[in-house]
Amino acid sequence: MGSEKKGWDYSQLRKYDISLEQIPRLDYQDPKVDELMAENEPVVITGSKLVKSAEKWNLDYLEKHMGNGDFTVFISRNYKFKYYDEKKILQKLPNNETNRGVEFTPPTKMVEMKLPEFIKRLKEWKRGDERLYLQQGLNDTVGPAIVRDFLKFDWDFCNSIQKKQNWGPLTSNHLLIGMEGNVTPCHYDEQQNLFAQVQGYKRCILFSPDQFDRLYPHPVYHPHDRQSMVDFERPDYSKFPKFKDIKGCETVMEPGDVLYIPIYWWHQVESLMRGDHTITINFWYKNGPTGPITYPLKSHHKVAVMRNVEKMLLEVLHDPKEIPPLMRALVLGRYT
Ligand SMILES: O=C(O)C(=O)[C@H]1CC[C@@H](C(=O)O)C1
Ligand SMILES: [Zn+2]
């Protein structure tokens with residue numbers, strides 16, 4: 001996969017003991033793109049002009065035109081930016097009660113930062129410093145030049161995909177500005193995603209929803225819901241034995257590439273090491289109505305079923321520790 005002529009090489013990729021195929025790279029006019037998307041299969045779409053109007057979005061341009069709004073920036077003491085849902089963290093409520101969250105120490109800090117400060121810290125960063133990751137939903141606080149560039153995205157291109165694939169509405173576009181070497185650890189989302197690379201090179205490692213039992217997601221009630229418990233660099237095979245059999249695919253995104261990350265597909269995203277900062281814009285869509293159900297259910301439907309079973313069991317049992325004995329009694333010796 002390495003290719004010096006493309007401005008990156010293997011030494012910039014983190015090393016994992018995982019078997020990875022290549023995600024197909026197809027020209028946006030290739031009819032096979034629609035076929036793969038219809039099958040909920042990932043594909044790198046090349047040559048589109050989806051975010052061509054943003055190709056001039058370097059740090060100086062953004063500093064000049066992004067406006068004076070506050071941007072959400074995650075700060076990490078290491079290179080990982082594992083997402084967590086604040087609503088699932090044990091919180092004292094105003095009436096001194098607590099929500100039904102769990103004790104949890106976030107692995108990253110989430111702060112609001114003006115863009116000039118973010119860019120200054122990016123430019124002054126040196127090894128050992130805290131890392132930063134700007135992840136901000138694009139909204140109307142941005143300056144007029146950015147609005148103009150945003151309106152010039154090739155909306156016909158993504159709207160035609162949305163229509164052809166019968167997706168639901170576009171829910172958000174996130175602007176992602178990461179430092180070289182930053183990693184978003186393996187997780188899945190419950191939306192369809194067009195992941196458009198604007199600046200720099202980003203490695204995306206994807207796994208099908210049928211790898212669920214090899215990636216050991218945190219329980220649904222946990223703040224790290226949807227995130228894999230496995231540390232790819234130091235996998236604990238005693239706790240996660242099936243991870244040994246994991247099978248995935250990967251690609252290194254170049255500016256202008258658009259990766260289709262299908263709903264429920266696991267993905268780990270890495271800004272190449274020694275590759276300067278990266279800029280990405282993602283397009284999250286609600287999934288469309290489930291087509292005709294065929295049996296056996298597709299793996300991503302089974303993930304949705306498992307999530308609903310977990311939520312129902314937590315609702316009725318209240319204590320997560322009650323789930324394993326109940327599930328064992330239900331399954332062992334009866335369904336096995
Ligand atoms: O677009 C998604 O689904 C994501 O997970 C993004 C959140 C952080 C982003 C990254 O590029 O590291 C990926
Ligand atoms: Zn994601």
Notebook entry, point to check: Does Met179 satisfy being open to solvent by 30 Å² or more (accessible area, probe 1.4 Å) and either at pLDDT below 95 or closer than 21 Å to Phe74 by Cα (or both)?
Noted result: no
Next item on the list: Output the strands (runs of 3 or more DSSP E) that fall wholly within the stretch 251-292 and possess 1 or more residues being within 18 Å of Ser160 (Cβ to Cβ), or say none.
Entry: 258-261, 278-285
Checklist line | Residue that is away from ligand 2 (no atom under 16 Å from the Cβ), exposed (fewer than 13 other Cβ atoms within 10 Å of the Cβ), of a type in the set (Ser, Thr, Tyr) and more than 26 Å from Gly181 (Cβ to Cβ), where the choices are Thr141, Thr105, Thr98 | finding: Thr98
Check: Which one is nearest to the chain's Cα centre (by Cα) among residues in the stretch 157-203 that are under 23 Å from Arg121 (Cα atoms) and β-branched (Val, Ile, Thr)?
Finding: Thr184
Note to self: Take the residues in the stretch 267-315 that are under 30 Å from Ala54 (Cβ atoms) and among the polar types (S, T, N, Q); name whichever of them is most open to solvent (accessible area, probe 1.4 Å).
What the structure shows: Asn287
Note to self: What's the total number of residues in the stretch 22-61 that are exposed (fewer than 12 other Cβ atoms within 10 Å of the Cβ) and over 21 Å from Asn159 (Cα atoms)?
What the structure shows: 2
Margin query: Every residue in the stretch 213-225 that is open to solvent by 40 Å² or more (accessible area, probe 1.4 Å) and either within 16 Å of ligand 2 (Cβ to nearest atom) or among the basic types (Lys, Arg) (or both), please.
Written below: Arg214
Item checked: Residue ID - farthest from ligand 1 (Cβ to nearest atom), chosen from residues in the stretch 236-250 that are of a type outside the set (Phe, Trp, Tyr) and in a loop (DSSP other than H, G, I, E, B) -> Ser238
Checklist line | Long-range neighbours under 6 Å by Cβ, at least six apart or interchain, first residue closer than 20 Å to Asn182 by Cα and open to solvent by less than 40 Å² (accessible area, probe 1.4 Å) within the stretch 1-20, second at pLDDT 95 or above and basic (Lys, Arg) | finding: Leu13/Arg203
Notebook entry, point to check: Would the stretch 243-261 turn up any residue that is within 15 Å of ligand 2 (Cβ to nearest atom), closer than 28 Å to Leu115 by Cα, open to solvent by less than 10 Å² (accessible area, probe 1.4 Å) and in contact with a Cys (Cβ under 7 Å, 6 or more places away or on another chain)?
Noted result: yes
Check: What pairs can you find where one residue is in the stretch 225-237 and of a type in the set (D, E, K, R), the other is surrounded by fewer than 17 Cβ atoms within 10 Å (Cβ to Cβ) and assigned to a loop (DSSP other than H, G, I, E, B), and their Cβ atoms are less than 9 Å apart, with a gap of 6+ or different chains?
Finding: Asp225/Asp85; Asp225/Pro219; Arg226/Asp85; Arg226/Glu190; Glu233/Arg14; Glu233/Lys15; Glu233/Tyr16
Checklist line | Checklist (1) open to solvent by 70 Å² or more (accessible area, probe 1.4 Å); (2) under 30 Å from Gly200 (Cβ atoms) applied to Pro235, failing item | finding: (1)
Checklist line | Unmet requirement for Asp210, which otherwise passes all of (1) open to solvent by 20 Å² or more (accessible area, probe 1.4 Å); (2) more than 14 Å from ligand 1 (Cβ to nearest atom); (3) farther than 21 Å from Ala38 by Cα; (4) not in a loop (DSSP other than H, G, I, E, B) | finding: (3)
Notebook entry, point to check: Which pairs have Cβ atoms under 9 Å, sit 6 or more apart or on different chains, and link a residue in the stretch 123-148 that is in a helix (DSSP H, G or I) to one that is small (Gly, Ala, Ser)?
Noted result: Pro144/Gly67; Ile146/Ala54; Ile146/Gly67; Arg148/Ser53
Next item on the list: Test Asp189 against the stated conditions and say whether it is within 16 Å of ligand 2 (Cβ to nearest atom) and either surrounded by 15 or more Cβ atoms within 10 Å (Cβ to Cβ) or in a strand (DSSP E or B) (or both).
Entry: yes
Check: Given the structure, is Ile205 in contact (Cβ under 8 Å) with a residue 12 or more places away in the chain, more than 16 Å from ligand 2 (Cβ to nearest atom) and open to solvent by less than 50 Å² (accessible area, probe 1.4 Å)?
Finding: no
Notebook entry, point to check: Across the stretch 111-122, which residue is most open to solvent (accessible area, probe 1.4 Å) among those that are away from ligand 1 (no atom under 16 Å from the Cβ) and touching a residue at least 40 places away in the same chain (Cβ under 8 Å)?
Noted result: Glu112
Next item on the list: Starting from the stretch 158-180, take each residue that is part of a loop (DSSP other than H, G, I, E, B) and list its partners that are of a type in the set (D, E, K, R), counting only C-beta distances under 8 angstrom and pairs at least six apart or across chains.
Entry: Gln165/Asp34; Trp167/Lys286; Gly168/Lys286; Pro169/Lys286; Met179/Arg131; Glu180/Arg274; Glu180/Asp276
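The values are calculated or read from the model by the stated rules, or taken from the named source; none is laboratory data. Being a predicted model, the structure only gives us computed values, none of them experimental. Quick reminder, even Gly has a Cβ in these numbers, built from the backbone with ideal geometry, and neighbours come from all protein chains shown. Just the protein is used for accessible areas: all its heavy atoms, side chains included, with ligands, DNA and RNA removed. Shrake-Rupley method; radii C 1.70, N 1.55, O 1.52, S 1.80 Å.
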